[in-house]
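Novice: Below you'll find the structure I mean.
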Amino acid sequence: MDKIQGSSLSLRRLDKYYDRFHVIRDVSLDVPPGSLLTLLGPSGCGKTTVLRMIAGFVASTSGEILVDGRDIAGLQPEARDTGMVFQNYALFPHMTAADNVAFGLRMRRLSKAEIVERVRDALDMVKLGALAGRYPSQLSGGQQQRVALARALVVRPKLLLLDEPLGALDRNLRDEMQAELRNLQRSLGITTVVVTHDQDEALYLSDWIAVLKEGRIEQFGQPLDIYDRPASQFVSRFMGIANLLPARVVGSVGSRVEIAMGGVRVAGWHPEGLAAGRDVQIAVRPTHVEVAAAIDPRDGFVGTVSAVAELGEKVVYQVDAAGTRFEAHASRMRSVRRHEPGATVKVVLDPDHTIVLER
Amino acid sequence: MNRRSLERPYGRLVPLTATLACLFLLLPVVFVVAFSFNDGAYFQWPPRGPTLRWYVNFFESERFMTATEHSLKVALIVTPACLVVGLPTAVAIARGRFAGRDLIATLLLSPLIVPGVVTGVALLALFTAVHGDLGLGRLLIGMFVFGLPFAVRTMVADLLGLDPRLEEAARNLGATRLRTFFLVTLPQLKSSMLAGAVFVFVEAIDNFSISVFLTDERSAVLPVVAYQYIRDFDDPTVAAMATLLIALSCALVFAIERLIGFERMMHINRK
Amino acid sequence: MDKENRHHLWLTVPALLSIGLLFSAYGLFGWTSFYRATPGGLGVGGDFTFDNYLRIFGSWRELAVIGETLWISFALTMISLVIAVPMALVIARSPSRLVRSILLFTLAVTFLSGGVTRAYAWMVLLGNKGLINLALVHLGVIERPIRLVFNWLGVSISLVHFLLPFTVFTLVGAVKNLPLSVEEAARNLGATRMTTFFRVTLPLLSSGLVVAASLTYSLALSSFLFPLLLGGGRVRMVANHIYERLFVAYDIPFAAATSAVFLVLSFVVILGFAGLERLVRKVVVR
């Protein structure tokens, strides 16, 4: 298939009430043409509702959905020109793979010859050309997903919508499909929205990520931004930051903030800096926590190793210090010296990756 | 365009038809209730009344009262009997692996497709042949034989839908087969037992095509007496009786809704 | 494991007795169809004979009753299906709990309120001075009351009312088994509501439709009370015919022969439906 002229997508102040329940609250974002946006969050956060709003199966109470600047919020689903891959694929069980793929083209009243040609191309694209005559029940889960993808793409939609696209696949197939999906989306240049609850998947696939919580966008940004600079405790926890600890601001210069914890002062990062005396929370990924010797000259918290576990390529330490417990990950290959449980050590935090969060 | 219309999976024709069908279904039910309070033997507009004289008539009529007694007796005996016999049978059909199981299931469920009149006449022929003058006993036997398949079918469907892992978990935790059945399986069958009981109960009170053959003047039941009354007298006394039956069925519906919820019961009757 | 499964057979003993009783009744009744009625009373006698069957197959009047019953039951089944599909869709799919409850409540109360109640209500409603005629005259649809009862029209109206709840209850399960996302996929690919219904929903429901039709048809075939009350002797279906043979003509053997013929026909029809269902499932949904 040829490269598609990607469309821009903007959501403007989307709101949704179910009776008195405010399930989607003021969702706004812009993604440029050709990029892949992931709606990320735990179940019940509203990510699927937003996707279904874009597809037209859920009516927004207010707000706009702009595709190439045109509001589609009032259009019927069939008039929106989106291609959706459903969570369970929703293949038509009474049609062959080829007929499934042809369905959207038939609805668009294309000529027979063109339908045949485009169906063949689409099935070849997902490497299923040989199975065109099979019914969905005769296909494996991975093959069904490819048919669903071909069916959604063959109509050359303005937007590709994927609802937990890899959720039903097992680990190996998942990794393989993840790479394939990414390449396909890049090479077609089609603007895509993915719903997932898996942060690794989101980080791997996305150009943009919107983390949702209780129907609201908690943070919107590029993957590494969200990984390195989570804007809230919720995002930190969701992105797998194990150390979330209370502290107090001592002073700040620009985005560098000095904080105190258990009588020890260390440095951290906050986009605008914070006034002295504020109670805050710090978020540090275990890989940015170093377990050093007790006599290390750097600033840090002296404490006791309470547990050590060797997990494949990393060593996981738990250290009790400053009245709390730190988790630290060290590379097993590089760690010069192992610390045994009970040893007195110093916990040193990487100041660039110690995120200071307002409480 | 109206955004709310997006969430309607079907066009206007579907809800419109459904609404009209509902009105069609409710019309005779609502009408008969209203008619039972009409002060006059025939329908007229505007209606006169309200009056309770048809209810008085119903309760003072010896024929109707005896018939009510008979009907309730049949329903209250046949319903538990069908459940008690139906439960082990359903378990055997759903779980057993013995020769002839499918044959038993087919034979047992066959009265469901044999017209009631045929079953009624056949049983009458049998009772006549053996000179079985059992009074109300004829109908008791007839309704039991006729009601059993209803009870068995709903319970079999429910049993087949149970998650076997729950019973395996109970066995794994040390429960015997019998204890597992009573503590884990049986409680899960609550809804189908209730559904089966309601079916049998209503059938026992309302069935006409079998009752008309298996009862006589001395053992007459409500539907038969009502039919004769309509044929011979034609006044709203039957409407009063109908209203009482409708009230009973409303009570049953609410009881089901409170006990297991109607949508869940529908789930069982899927098969 | 084997031992325990054989125990299961004992559980069915009471039910087997019930089956035995019922089938000896059917058997005895079938056997009488090969004899003659003794004059005066419900007796049976004479030599073994096929006379009763010959009488049925040799008489247009007898065959007409059976043919008419088969035909009218088919028509009523189709009408019930057309009304039941939208109802089942709403019950299975409506996002509003209230709407679902209202429909279920309506069906349940109608279903449970009993046959005599409903037949009686329709008799009064459809009478020459009944509410329907009165309303139609008042609205100017008709000038004079028309005959709605004691003919096929009245019987059909009341029978659809009787059959509809069964049809809907059977269909709801089939609709619930059909994932909504399949219909959404069709809409997403550019199909309108109408196209989605005819190209996706209906084909996938076809096996459920056949099952519902089969149940509705066998119930329609065995109608007795409604034609008895609303047919007023002018309209009769096979069950009424059997009843009259028995209680008017006191001819048990002939009634038995009619029943046997009728029963065989209904079995054939039901087997036909079962075959159709298997075929449809094979062709439509693999």
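The values are calculated or read from the model by the stated rules, or taken from the named source; none is laboratory data. Keep in mind that what you see is a predicted model, and the values were worked out from it rather than measured. Note that each Cβ is placed from the backbone with ideal geometry, even for glycine, and that neighbours are counted across all protein chains shown. SASA here: full protein model, heavy atoms, side chains in, ligands and nucleic acids out. Shrake-Rupley method; radii C 1.70, N 1.55, O 1.52, S 1.80 Å.
Novice: Assigning unit charges at the beta carbon (Lys, Arg +1; Asp, Glu -1) and nothing else, what dipole magnitude in debye, to the nearest 20, does the protein assembly as shown show about its Cα centre?
Specialist: Numbers: 91 positive and 75 negative charges, 160 e Å.
In total the dipole reaches around 780 debye.
Novice: Now for a separate question. Once you keep just the Cα pairs under 8 angstrom separated by 6 or more residues, what percentage relative contact order results for the range A:9-235? Please list the in-between numbers first.
Specialist: Working: 420 pairs, mean separation 67.5, N = 227.
After rounding, I find 30 percent.
Novice: Ok, one more. So what is the relative contact order for the range B:60-270, in percent, with contacts set as C-alpha pairs under 8 Å and at least six apart? Don't skip to the answer; put the middle values down first.
Specialist: Values: 197 pairs, mean separation 72.2, N = 211.
That works out to 34 percent.
Novice: Hand me the trypsin sites (Lys or Arg not before Pro) from the range B:1-64 located in a DSSP loop with no more than 12 other Cβ atoms within 10 Å, in residue order please. All intermediate terms of the calculation are to be shown ahead of the outcome.
Specialist: Details: sites: B:Arg3, B:Arg4, B:Arg12, B:Arg48, B:Arg53, B:Arg63; in loops: B:Arg12, B:Arg48.
Filter output for the range B:1-64: B:Arg12, B:Arg48.
Novice: Taking a virtual spin label 7 Å from the Cα of C:Ser59 along the C-beta vector, which residues in the range C:217-245 bring their backbone nitrogen under 16 Å of it?
Specialist: C:236-245
Novice: Between the chain alone and the structure with every protein chain in place, find the residues of the range C:243-286 that drop at least 50 Å² of accessible area; heavy atoms, 1.4 Å probe.
Specialist: Hits at the 50 Å² cut-off: C:Tyr243, C:Leu263, C:Arg286.
Novice: Using DSSP loop states and a limit of at most 15 other Cβ atoms within 10 Å to flag GluC sites (Glu not before Pro), what is the longest stretch of chain A containing no flagged site?
Specialist: Numbers: sites that count: A:Glu214, A:Glu272, A:Glu313.
Value returned for the longest uninterrupted segment is A:1-213.
Novice: Of all the accessible heavy-atom surface of the protein assembly as shown, with the other protein chains kept in place and a 1.4 Å probe, what percent is carbon and sulfur?
Specialist: On the way: 24160 of 40560 Å².
Roughly 60 percent of what the probe reaches on the protein assembly as shown is carbon or sulfur.
Novice: With every protein chain present, what is the per residue accessible area of the protein assembly as shown (1.4 Å probe, Å²)?
Specialist: Working: 40560 Å² over 916 residues.
Per residue, the protein assembly as shown has an accessible area of 44 Å².
Novice: Before rounding to the nearest 500, sum -39500 (n - 2.57) across all DSSP H runs of length at least 4 in chain C and divide by the residue total; then give [θ] at 222 nm in deg cm²/dmol.
Specialist: Numbers: 14 runs with 216 residues, N = 286.
Per the formula, -25000 deg cm²/dmol.
Novice: Please get the size of the charge dipole for chain C, origin at its Cα centre, with Cβ charges of +1 on Lys and Arg and -1 on Asp and Glu, quoted in debye to the nearest 20. Walk me through the numbers on the way to the answer.
Specialist: Numbers: 23 positive and 12 negative charges, 171 e Å.
Magnitude of the dipole: close to 820 debye.
Novice: Continuing with this model, one more query. Is it possible to state the helix-based mean residue ellipticity at 222 nm for chain A, with each DSSP H run of 4+ residues giving -39500 (n - 2.57), the sum divided by total residues, to the nearest 500 deg cm²/dmol? What is it? Walk me through the intermediate numbers first.
Specialist: Values: 8 runs with 84 residues, N = 359.
Only helices count here, giving -7000 deg cm²/dmol.
Novice: Something else: Going by a ≥ b ≥ c, the root eigenvalues of the Cα gyration tensor, does chain B fall in the rounded group (a/c under 1.5), the prolate group (a/b larger than b/c) or the oblate group?
Specialist: Values: a/c = 2.25, a/b = 1.24, b/c = 1.81.
Cα axes put chain B in the oblate bin.
Novice: In the range B:133-158, what residues drop by 40 Å² or more of accessible area when the other protein chains are put back, versus the chain on its own? Use 1.4 Å, and skip ligands and nucleic acids.
Specialist: Buried by the other chains: B:Val145.
Novice: Next question, about the same structure. Once Lys and Arg get +1 and Asp and Glu get -1 on their Cβ, which of B:Thr176, B:Val238, B:Leu162 lies farthest toward the positive end of the dipole of the range B:124-271?
Specialist: B:Thr176
Novice: Something else now. Would you calculate, for chain B, the mean residue ellipticity at 222 nm contributed by helices, counting each DSSP H stretch of 4 or more residues as -39,500 (n - 2.57) and dividing by all residues, to the nearest 500?
Specialist: Details: 13 runs with 189 residues, N = 271.
Value at 222 nm, helices only: -22500 deg cm²/dmol.
Novice: Return the value, in Å² to the nearest 100, of accessible area buried between chains B and C (probe 1.4 Å, both sides summed). Don't jump to the answer; show the numbers that get you there.
Specialist: Numbers: alone 16860 and 17210 Å², together 26260 Å².
Chain pair B/C: roughly 7800 Å² of buried accessible area.
Novice: Let me ask you something else. A drop of at least 40 square angstrom in accessible area, chain alone versus all protein chains together, probe 1.4 Å. Which residues of the range C:144-184 meet that?
Specialist: When all protein chains are present, C:His161, C:Phe169, C:Lys176, C:Ser181, C:Val182, C:Glu184 each give up 40 Å² or more of accessible surface.
Novice: I've got another one for you. How many Cβ atoms of partner chains, on average, are near each residue of B:217-226 if near means within 10 Å of its Cβ? Don't skip to the answer; put the middle values down first.
Specialist: Numbers: counts 0, 0, 0, 0, 0, 2, 6, 1, 1, 6.
If you average over the peptide's residues, the count of other-chain Cβ atoms is 2.
Novice: Sticking with this one: In terms of the Cα gyration tensor, with a ≥ b ≥ c the square roots of its eigenvalues, is the range C:49-143 rounded because a/c is under 1.5, prolate because a/b exceeds b/c, or oblate? Display every interim value, and only then the final one.
Specialist: Values: a/c = 2.53, a/b = 1.53, b/c = 1.65.
Note, shape of the range C:49-143 comes out oblate.
Novice: Continuing with this model, one more query. Within 10 Å of each Cβ of A:55-61, how many other protein chain Cβ atoms are there on average? Please report the intermediate quantities before stating the final value.
Specialist: Working: counts 4, 6, 9, 3, 7, 2, 2.
Neighbouring Cβ atoms belonging to other protein chains average 5 per residue here.
Novice: Once both axes come from the Cα atoms, what is the angle between helix C:202-221 and the longest principal axis of chain C, in degrees from 0 to 90, rounded to 10?
Specialist: With both axes taken from Cα atoms, the answer is about 30 degrees.
Novice: Here's something else I'd like to know. Report, for chain A, the % of DSSP beta bridges that are antiparallel, rounded to 5.
Specialist: Working: 66 of 85 bridges.
The antiparallel proportion sits near 80 percent.
Novice: Now a separate question. Can you pick out the pairs among A:Lys16/A:Lys47; A:Lys16/A:Lys213; A:Lys47/A:Lys158; A:Lys112/C:Lys282; A:Lys3/A:Lys127 whose Cα atoms lie more than 23 Å from each other? Walk me through the intermediate numbers first.
Specialist: Working: A:Lys16/A:Lys47 12 Å; A:Lys16/A:Lys213 14 Å; A:Lys47/A:Lys158 20 Å; A:Lys112/C:Lys282 27 Å; A:Lys3/A:Lys127 18 Å.
Exceeds cut-off: A:Lys112/C:Lys282.
Novice: With a 1.4 Å probe, how much accessible area is buried between chains C and A, both sides summed, in Å² to the nearest hundred? All intermediate terms of the calculation are to be shown ahead of the outcome.
Specialist: Details: alone 17210 and 17130 Å², together 32250 Å².
Looking at C and A, the buried total is near 2100 Å².
Novice: If you place +1 on the Cβ of every Lys and Arg and -1 on the Cβ of every Asp and Glu, how big does the dipole about the Cα centre of chain B come out, in debye to the nearest 20?
Specialist: Here the size comes out at about 1280 debye.
Novice: A further question on this structure: Given Cα pairs under 8 Å that are at least 6 residues apart, what percent is the relative contact order of the range C:59-285? Can you show the working numbers first?
Specialist: Values: 225 pairs, mean separation 61.1, N = 227.
27 percent.
Novice: Angle, helix C:152-177 long axis vs. longest principal axis of chain C, Cα atoms, 0 to 90°, nearest 10?
Specialist: Orientation of helix C:152-177: about 50 degrees from the principal axis.
Novice: Mind checking the mean number of beta-carbon atoms from other chains within 10 Å of the Cβ atoms in B:249-259? Mind dumping the intermediate values first?
Specialist: Details: counts 8, 5, 1, 4, 8, 2, 0, 2, 4, 0, 0.
Averaged over the peptide's residues, the number is 3.
Novice: I've got another one for you. Find the all-direction average of the projected area of the Cα convex hull for the range A:9-235, expressing the result in square nanometres with one decimal place. Before the final figure, lay out each step's value.
Specialist: Working: hull surface 50.7 nm².
One quarter of the hull surface, i.e. the mean projection, equals 12.7 nm².
Novice: If you don't mind, there's one more thing I want to ask. Rounded, prolate or oblate: pick one for chain C, where a ≥ b ≥ c are the square roots of the eigenvalues of its C-alpha gyration tensor, a/c under 1.5 means rounded, and failing that, prolate if a/b is larger than b/c, else oblate.
Specialist: Numbers: a/c = 2.09, a/b = 1.26, b/c = 1.66.
In terms of gyration-tensor shape, oblate.
Novice: Taking Cα atoms, how many degrees apart are the long axis of helix C:13-32 and the longest axis of chain C, rounded to 10 and kept between 0 and 90?
Specialist: Between the helix axis and the principal axis of chain C, the angle is about 60 degrees.
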